[in-house]
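A short write-up of the structure that comes next.
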Amino acid sequence: SILSGFPDTRAFDGELQRSLVESLSAAGVRTAAFTEGGYFSASFGFDRGFGEFHEEHYQFGGTIERTVDSALAWLGTARSDARPFFLLVHSYEAHMPYLRATFAASMAPARFGELFTQEAHEAVAAGELVLTPAELERLGALYDGGVATCDRELGRLIDGLEALGLRDEVVLVVTSDHGEELAEGRFPRHAGNHGHSLHEELVHVPLLITAPGLAARRVANQVRSMDVLPTLLDLLGVVGPDDIEGRSLVALFAGRAEDGERVARGGSVEEGPAREFVRLAGHKLVRRLEPPEPGSEFAHVPELQLFDLARDPDERHDLAAERPELVRTLFALMDASAVQTIDPDALELSPELAERLRALGY
């Protein structure tokens, strides 16, 4: 969705089918990506449109420090090129495995060890290790260590732009594709993981954008991942495909009102029954599309859940039975045929790529 300007159901079927990076390249923009592999790999078509696409692999030594080093080296060459550029830097740092003990060093030890490794994740996912509240606290601290490392390395990237005289000339976007379940306790076997539910801790992600002449402000409007690249096209004056579903955010930068709220939708859970959600006007409806497996950890997931995110941001009070009219309104925005759950077992993977994905918890 981030790269294509479309919901994943229209852009991905095991391989990325379209990307707005192609529009940038066609307009003469120099394009490059430095990624840490896994799913964000040329193996799945994510190199579409990029003039350069470089992959490292987290569990085989491709850390964020090395990724940023490579990006800074590329920026040094871009400075001497007259063409505008688009650079994508991707990391799995704030992602399982959690390998930064920045905030956990003084905490009580956990049965999973000093760090939250692939082996620890697999023990939790199998139900062999049920984490205590203290261990969940340590898990969160390890995750925070990864976030702090991301923050430090982002700062180093910004310092590099400053040193090259580019800081005031670039649009800088910081975002993520998902969050993690930590101590929420909804699915104990998925602590330190994602892809198993559509709750806010997994689908509500940060989005920060700076641009020359853009005054600091917080935009309260609901926006979507698929709006990111259309925004960059707009700022660069590049014309994209007519049927882009994402919409530029530039009007919101200036505080201008929009005609109608942007409807946010999502789905494609990897584990448990297929589900989709729609989010509008501070409310969120989650719909289960198939029965859960009896006796599984997902057996308690109801067919419909409705949450008032303003009053209940942690999504603990299901209003589906109390607000039937609102359920019908949001239900009308859903189309079951639009949901696409990619079965990882159906993808054609090399043994090396399969191992890399397993090491990231997939």
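The values are calculated or read from the model by the stated rules, or taken from the named source; none is laboratory data. Not measured: the values here are computed from a predicted model. All Cβ positions, even for glycine, are placed from backbone atoms using ideal geometry, and neighbour counts span all protein chains on display. Please note that ligands, DNA and RNA were not included when accessible areas were found on the heavy atoms of the full protein model with its side chains. Shrake-Rupley method; radii C 1.70, N 1.55, O 1.52, S 1.80 Å.
Worth a mention:
Okay, residues lined up against (1) touching a Lys or Arg at 6+ places or on another chain (Cβ under 7 Å); (2) within 22 Å of VAL223 (Cβ to Cβ); (3) crowded, with 19+ Cβ neighbours inside 10 Å; (4) of a type in the set (Ser, Thr, Tyr):
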| residue | (1), (2), (3), (4) |
| --- | --- |
| ARG279 | no, yes, yes, no |
| LYS284 | no, yes, yes, no |
| LEU289 | yes, no, no, no |
| GLU297 | yes, no, no, no |
| GLN305 | no, no, yes, no |
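- Subset of segment 10-56 [within 20 Å of the chain's Cα centre (by Cα) and polar (S, T, N, Q)]: GLN17, SER19, THR35, SER41, SER43
- Among the residues listed as THR67, THR63, THR31, the single one being open to solvent by less than 50 Å² (accessible area, probe 1.4 Å) and in contact with a Leu (Cβ under 8 Å, 6 or more places away or on another chain): THR31
- Criterion applied to GLY165, GLY113, GLY145, GLY127 was being more than 21 Å from GLU55 (Cα to Cα) and open to solvent by less than 20 Å² (accessible area, probe 1.4 Å), and the one residue passing it is GLY145.
- Lone unmet requirement of (1) on the phi < 0 side of the Ramachandran plot; (2) more than 22 Å from the chain's Cα centre (by Cα) for GLY213: (1)
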